[in-house]
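Engineer: Below you will find the structure I want to go over with you.
The values are calculated or read from the model by the stated rules, or taken from the named source; none is laboratory data. Just so it is clear, the model here is predicted, and its values are computed rather than measured. So basically every Cβ, Gly included, is an ideal-geometry build from the backbone, and we count neighbours across all protein chains shown. Just so you know, the surface numbers come from the protein's heavy atoms only, side chains and all, with ligands and any DNA or RNA stripped out. Shrake-Rupley method; radii C 1.70, N 1.55, O 1.52, S 1.80 Å.
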Amino acid sequence: MAKSKFEYVRGFEADDALLPNCWIVVRLDGRNFHRFAEQHEFKKPNDDRALHLMTKCAQTVMQELEDIAIAYGQSDEYSFVFKKKSKWFKRRASKFMTHVVSQFASSYVFYWKDYFKDQQLLYPPGFDGRIVLYPSDQNLKDYLSWRQADCHINNLYNTVFWMLVQRSGLTPVQAQDRLQGTLAGDKNEILFSEFNINYNNEPLMYRKGTVLIWQKVNEVITKKIKLPKETEEKEVEVTRTRTKVVPLHCDIIGDQFWEEYPEILAE
Ligand code: ATP
Ligand code: ATP
Ligand code: MG
Ligand code: MG
Ligand code: MG
Ligand code: MG
């Protein structure tokens, strides 16, 4: 096809191909979700509806886009890890980031009502995105460990904070003052002695966040088949294997997870 005289403007586009052989991490985060959570009456410190909706959106991203090996989410953020060898969109950074974030954001609105039932969505939420490259498997594991450690630190703080506010009637400022300078052990102690809560018994989803991986699952479906020589269709049960995105709420900081699922880092 003949080129127009305007064609030269394409030359102004920046080359944003990502370095080969590196893990590509796209992390997104809800814009101003402190306010979004308040306006939509999120239960504090953890609203299950919101966490499950985030995970539904992340599953959609993994199923719709190519080459995502694992994802990790907590609070209003999700990280997606693309395979080192991915050739998707010639590894153009802008394509990776915009496809992830827009697919996630539209899913958030699309699936909202399935999770929030009577709670109306009051305005369109937005998400920011960033890309980070990790050249070694250890760097990638450390990245994911960093996000899970962040989940733990925030959740421990928030759990005590909201107990002090909701159960002891402290104002947010008083609760903040009370927790100023406390270590993890102190927070565990406040939870145990004042609220009879053993932090280790809090739900895993709150303490560990959500890991999404691909797993083979066997599905039994009924199929109608017509045998040669017979006129009527017969229903038979067949088992087929499918790969599905499965949520886990487990530790990913220790070695055990990576020993159990070596295929994640395999290619
Ligand atoms: P920014 O635009 O800079 O990201 P932000 O207000 O979104 O600002 P974050 O550090 O991302 O700041 O914090 C997310 C906020 O959303 C926190 O205040 C957190 O309490 C709230 N939030 C997110 N998910 C939930 C949830 N499932 N339950 C309760 N609160 C939540
Ligand atoms: P890609 O993911 O590479 O962008 P694409 O299918 O979106 O693939 P485009 O080159 O962006 O490819 O083309 C957009 C397509 O959407 C065209 O086929 C066009 O016919 C169709 N389309 C977009 N807007 C309209 C519209 N308003 N009316 C009819 N068709 C439309
Ligand atoms: Mg922030
Ligand atoms: Mg945010
Ligand atoms: Mg956040
Ligand atoms: Mg298009």
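Engineer: Would you mind stating whether Ala69 is surrounded by 19 or more Cβ atoms within 10 Å (Cβ to Cβ), within 20 Å of Ser106 (Cβ to Cβ) and of a type outside the set (Val, Ile, Thr)? Even if it seems obvious, please write down each step before you answer.
Structural biologist: Working: surrounded by 19 or more Cβ atoms within 10 Å (Cβ to Cβ): yes; within 20 Å of Ser106 (Cβ to Cβ): no; of a type outside the set (Val, Ile, Thr): yes.
Considered against the rule, which asks whether it is surrounded by 19 or more Cβ atoms within 10 Å (Cβ to Cβ), within 20 Å of Ser106 (Cβ to Cβ) and of a type outside the set (Val, Ile, Thr), Ala69 comes out as no.
Engineer: Which of the residues that make up region 17-33 are within 15 Å of ligand 5 (Cβ to nearest atom), in a strand (DSSP E or B) and not basic (Lys, Arg)?
Structural biologist: Start the filter on region 17-33 by keeping residues that are within 15 Å of ligand 5 (Cβ to nearest atom), which leaves 26-33.
Narrowing further to those that are in a strand (DSSP E or B): 26-30.
Passing the criteria: Val26, Leu28, Asp29, Gly30.
Engineer: Then there is this: Kindly establish whether Leu265 is open to solvent by less than 90 Å² (accessible area, probe 1.4 Å), farther than 23 Å from Leu53 by Cα and of a type in the set (A, V, I, L, M, F, W, C). Reasoning before the result, please.
Structural biologist: Working: open to solvent by less than 90 Å² (accessible area, probe 1.4 Å): yes; farther than 23 Å from Leu53 by Cα: yes; of a type in the set (A, V, I, L, M, F, W, C): yes.
Considered against the rule, which asks whether it is open to solvent by less than 90 Å² (accessible area, probe 1.4 Å), farther than 23 Å from Leu53 by Cα and of a type in the set (A, V, I, L, M, F, W, C), Leu265 comes out as yes.
Engineer: Go over the candidates Phe12, Phe36, Phe104, Phe89 one by one and state the one that is touching a Lys or Arg at 6+ places or on another chain (Cβ under 6 Å) and aromatic (Phe, Trp, Tyr). Give the derivation first.
Structural biologist: On the way: Phe12 fails: touching a Lys or Arg at 6+ places or on another chain (Cβ under 6 Å); Phe36 fails: touching a Lys or Arg at 6+ places or on another chain (Cβ under 6 Å); Phe104 fails: touching a Lys or Arg at 6+ places or on another chain (Cβ under 6 Å).
Of Phe12, Phe36, Phe104, Phe89, the one residue that is touching a Lys or Arg at 6+ places or on another chain (Cβ under 6 Å) and aromatic (Phe, Trp, Tyr) is Phe89.
Engineer: Considering only region 195-213, I want to know if a residue exists there that is open to solvent by 50 Å² or more (accessible area, probe 1.4 Å) and more than 29 Å from Met54 (Cα to Cα).
Structural biologist: Yes, region 195-213 has at least one match.
Engineer: In addition: Kindly provide the set of residues from region 1-16 that are of a type in the set (A, V, I, L, M) and outside any loop (DSSP other than H, G, I, E, B), ordered by number. Explain how you work it out, then say what you get.
Structural biologist: Residues of region 1-16 of a type in the set (A, V, I, L, M): 1-2, 9, 14.
Of everything in region 1-16, just one residue is of a type in the set (A, V, I, L, M) and outside any loop (DSSP other than H, G, I, E, B), namely Val9.
Engineer: Next question, about the same structure. Given the structure, is Asn196 modelled with pLDDT of 95 or more and polar (S, T, N, Q)?
Structural biologist: On the way: modelled with pLDDT of 95 or more: yes; polar (S, T, N, Q): yes.
When the stated conditions are applied, Asn196 passes them.
Engineer: Residues of region 34-50 being under 15 Å from Phe116 (Cβ atoms) and either within 15 Å of ligand 4 (Cβ to nearest atom) or among the hydroxyl-bearing types (Ser, Thr, Tyr) (or both), which ones?
Structural biologist: Phe36, Ala37, Glu38, Gln39, His40, Phe42, Asp47, Ala50
Here's the yes/no breakdown for (1) in a strand (DSSP E or B); (2) away from ligand 4 (no atom under 16 Å from the Cβ); (3) of a type in the set (Lys, Arg); (4) over 16 Å from the mean Cα position of the chain (by Cα):
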position	(1), (2), (3), (4)
Cys57	no, no, no, no
Gln63	no, yes, no, no
Ala69	yes, yes, no, no
Lys85	no, yes, yes, yes
Lys90	no, yes, yes, yes
Ser94	no, yes, no, yes
His99	no, yes, no, no
Phe104	no, no, no, no
Leu122	no, yes, no, yes
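Engineer: Restricting the search to region 17-33, which residues are more than 16 Å from ligand 4 (Cβ to nearest atom) and either on the phi > 0 side of the Ramachandran plot or open to solvent by less than 20 Å² (accessible area, probe 1.4 Å) (or both)? I'd like the intermediate steps shown before the answer.
Structural biologist: Taking region 17-33 first, the residues more than 16 Å from ligand 4 (Cβ to nearest atom) are 17-25.
Correct list: Asn21, Cys22, Trp23, Ile24, Val25.
Engineer: Can you spot a residue in region 42-64 that is aliphatic (A, V, I, L, M) and more than 16 Å from ligand 1 (Cβ to nearest atom)? Give the steps one after another, and end with the answer.
Structural biologist: Here is the first cut: in region 42-64, the residues aliphatic (A, V, I, L, M) are 50-51, 53-54, 58, 61-62.
From the residues that got through so far, the ones that are more than 16 Å from ligand 1 (Cβ to nearest atom) too are 61-62.
For region 42-64, residues aliphatic (A, V, I, L, M) and more than 16 Å from ligand 1 (Cβ to nearest atom): present.
Engineer: To continue, here is another question. Residues of region 215-267 being in contact (Cβ under 8 Å) with a residue 60 or more places away in the chain and not in a helix (DSSP H, G or I), which ones? Before the answer, list the steps.
Structural biologist: First, pick out the residues of region 215-267 that are in contact (Cβ under 8 Å) with a residue 60 or more places away in the chain: 245, 247, 251-253, 258, 264-265, 267.
Scanning region 215-267 gives Val245, Pro247, Asp251, Ile252, Ile253, Glu267.
Engineer: Please state which of the following conditions Leu53 fails to meet, knowing it meets all the rest: (1) open to solvent by less than 20 Å² (accessible area, probe 1.4 Å); (2) in a helix (DSSP H, G or I); (3) in contact with a strand residue (DSSP E or B) (Cβ under 9 Å, 6 or more places away or on another chain); (4) within 16 Å of ligand 4 (Cβ to nearest atom).
Structural biologist: (3)
Engineer: Residues of region 146-166 being open to solvent by 20 Å² or more (accessible area, probe 1.4 Å) and among the hydroxyl-bearing types (Ser, Thr, Tyr), which ones? Break it down stepwise before answering.
Structural biologist: So the first thing to find is which residues in region 146-166 are open to solvent by 20 Å² or more (accessible area, probe 1.4 Å), and the list is 146, 149-150, 152-154, 157-158, 161-163, 165-166.
Once the filter is applied, which keeps residues that are open to solvent by 20 Å² or more (accessible area, probe 1.4 Å) and among the hydroxyl-bearing types (Ser, Thr, Tyr), region 146-166 yields only Tyr157.
Engineer: Among Lys83, Lys87, Lys95, which is exposed (fewer than 13 other Cβ atoms within 10 Å of the Cβ), at pLDDT 95 or above and away from ligand 1 (no atom under 16 Å from the Cβ)? Spell out how you get there, then give the answer.
Structural biologist: Numbers: Lys83 fails: exposed (fewer than 13 other Cβ atoms within 10 Å of the Cβ); Lys95 fails: exposed (fewer than 13 other Cβ atoms within 10 Å of the Cβ).
Answer to the selection: Lys87.
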